[in-house]
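The values are calculated or read from the model by the stated rules, or taken from the named source; none is laboratory data. Computed from a predicted model, the values in this text were never measured in an experiment. Here the Cβ is made from the backbone with ideal geometry for all residues, glycine too, and neighbour counts use every protein chain on show.
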Amino acid sequence: MPDGEITGGPAKEVADEAVGEGARKKRRLFFALDPDESLRARLAGALLPMLTRAGGRPVPAERLHLTLVFLGELAPAAIPCVLAAAGRVRAAPFELILDHTGYWRRAGVMWLGARPCAALDALHDALRAELVSCAIPLEDRPYRPHVTFVRRLYRAPSLGAVEPLAWQVREYVLMESTGSGYRVLDRWELVRGTPGSRVLDPG
Ligand code: 2AM
């Protein structure tokens, strides 16, 4: 998977790109949790000792994220439906605890895993349910929430518990993997008892 910078961008830009030159070019999209700067710094600090031991290719701190729902390659015409689906999700803020590491040999990645979290599963399920109306083929594999922090690692690392990191989840984002990196296309706040509300002005 390509690495690169995560940058923000308003929904209007997304809509504009859906009618311009790039209207036919498919885009690799996914919903994710995007750590704020303070959590990103804590993650980087906690991961640093493991990075030096593990080998492989460390994921730069600014690219760390947790995928909620992977959408795959989508035609730009499908994006408005995806944005609308995300806006219909109703979920409250919650706390996620990252407390263990894992390794997937075939993918060659080492990751930080989340303690079982009903609120995270509910957010994942709610997004998938709303996306049904967009007729996007989603994977049926069980959801394994994780933050990949090493890639191209083909020798099993030593795994174990890490000092638990608490993530106060207050929003989710739609991200694009651009080939040279990631960028945030839009964000939705989690608000107790209210619909997920758009943070960026759709223009
Ligand atoms: P990874 O970090 O473990 O590779 C962008 O590619 C994001 O979507 C990454 O977080 C990646 O997980 C995840 N991803 C990539 N391909 C996927 C797939 N087929 N199913 C689920 N998640 C995927």
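Things worth noting here:
- Matching residues in the range 107-142 - criterion: being under 24 Å from residue 61 (Cα atoms) and surrounded by 15 or more Cβ atoms within 10 Å (Cβ to Cβ): 108, 109, 110, 111, 112, 113, 114, 117, 120, 124
- From the options 56, 108, residue that is touching a strand residue (DSSP E or B) at 6+ places or on another chain (Cβ under 7 Å) and at pLDDT below 95: 56
- Filter result (aliphatic (A, V, I, L, M) and surrounded by 18 or more Cβ atoms within 10 Å (Cβ to Cβ)) within the range 45-73: 47, 50, 54, 59, 64, 66, 68, 69, 71
- The range 1-49 - residue that is basic (Lys, Arg) and not in a helix (DSSP H, G or I) and, of those, modelled with the lowest pLDDT: 25
- Checked against (1) within 16 Å of the ligand (Cβ to nearest atom); (2) at negative phi, residue 108 passes all but condition (2).
- Residues (surrounded by fewer than 12 Cβ atoms within 10 Å (Cβ to Cβ) and of a type in the set (S, T, N, Q)) located in the range 143-167: 158
- All strands (runs of 3 or more DSSP E) inside the range 55-114 with 1 or more residues being polar (S, T, N, Q): 66-74, 94-104
- For residue 162: the one exception among (1) in contact with a His (Cβ under 7 Å, 6 or more places away or on another chain); (2) within 16 Å of the ligand (Cβ to nearest atom): (2)
- Members of the range 35-44 that are in contact with a helix residue (DSSP H, G or I) (Cβ under 9 Å, 6 or more places away or on another chain) and not basic (Lys, Arg): 35, 41, 43, 44
- If you go through the range 133-154 and pick out every residue that is away from the ligand (no atom under 11 Å from the Cβ) and touching a helix residue (DSSP H, G or I) at 6+ places or on another chain (Cβ under 9 Å), you end up with 5.
- Given (1) more than 16 Å from the ligand (Cβ to nearest atom); (2) surrounded by fewer than 18 Cβ atoms within 10 Å (Cβ to Cβ); (3) within 15 Å of residue 31 (Cβ to Cβ), index of the condition residue 89 fails: (2)
- Residues that are closer than 15 Å to residue 34 by Cβ and under 13 Å from the mean Cα position of the chain (by Cα) number at least 3 in the following strands (runs of 3 or more DSSP E) confined to the range 115-199: 146-151, 171-177, 182-189.
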